[in-house]
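Here is the structure we will look at, set down as C-alpha cells.
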Amino acid sequence: NLTGSGECWLGLLLTAPTNENGTGYTEPSGASYERMQLNINAAMQYTDKWGTVSGGVVTNIDEICSSECKEDAGWGTEDAPITHFGIFGAKTGGAALAWDKLRDITGQVDENGLYPITTLTVAKNEVAVFRKETLMLKLI
C-alpha cells in the first residue's frame, strides 16, 4: 500500500526485498544510479504522466527513464540481472513501499493472467526505460 504523503520513486532491484517490511533488497551500485521520480505522490494524486484509475489499476501514459549509466560494469549483469522494481517514498534509502518482478508485457499471459517474468541489464551509456503504458500499479 502506498500511504502517507510525499513523492514516490521507482528503483531498479537486483534482488527483491527479503523482509515483509520492504527491506533487504539490493539496488545497482555506482555513482550514476538513482531512483526515478514517478510524479505520483503517496496520497495517490497523479500528474499528467499517469492515466485514469480503471479497475483499481493506474498506468503510466508517459515514458519513465533512468539516468544514464556511467559505470563500465553497468547495472546488472548476465549473472546478476535486474529482476524487480520497487516503489520508494524517498530518492535514496528507506524501505520499499511496494515491489514486484519485472514482466514482459509483449509475452503471452499464463493461466493466472500474469505476463512472463523478465530481467534487464543496463550497459554503460544506456538508460532503463519504462515505455508508456508498461508500468501498471494496482491500488489496494
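The values are calculated or read from the model by the stated rules, or taken from the named source; none is laboratory data. Everything numeric in this text was worked out from a predicted model, so none of it was measured. Neighbour counts are summed over all protein chains in view; Cβ atoms, including those assigned to glycine, are modelled from backbone coordinates with ideal geometry. Just so you know, the surface numbers come from the protein's heavy atoms only, side chains and all, with ligands and any DNA or RNA stripped out. Shrake-Rupley method; radii C 1.70, N 1.55, O 1.52, S 1.80 Å.
First select every other residue whose beta carbon is under 15 angstrom from the beta carbon of GLY11; then total the charges, Lys and Arg +1, Asp and Glu -1.
On the way: positive: ARG35, LYS91, LYS101; negative: GLU7, GLU27, GLU34, ASP100.
So the surrounding residues net to -1.
Positive contributions from Lys and Arg (+1) and negative ones from Asp and Glu (-1), summed over other residues with Cβ under 14 Å from the Cβ of GLU71, come out at -3.
Would you indicate which of (1) 39, 18, 11; (2) 22, 18, 16; (3) 32, 17, 11 is the value of semi-axes √(5λ) of the Cα gyration tensor in Å derived from the coordinates of this structure? Matching the structure shown: (2).
Rolling a 1.4 Å probe over the protein heavy atoms of the chain, with every protein chain left in place, gives an accessible area that is 48 percent carbon and sulfur.
Just the C-alpha atoms of the stretch 56-132: what Rg/Rh do they give, with Rh taken as the Kirkwood radius?
Ratio of gyration radius to Kirkwood radius for the stretch 56-132: 0.98.
In the context of the full set of protein chains, the chain has a per residue accessible area of 57 Å² (1.4 Å probe).
The relative contact order of the chain, computed from alpha carbon pairs under 8 Å that lie at least 6 residues apart in sequence, is 31 percent.
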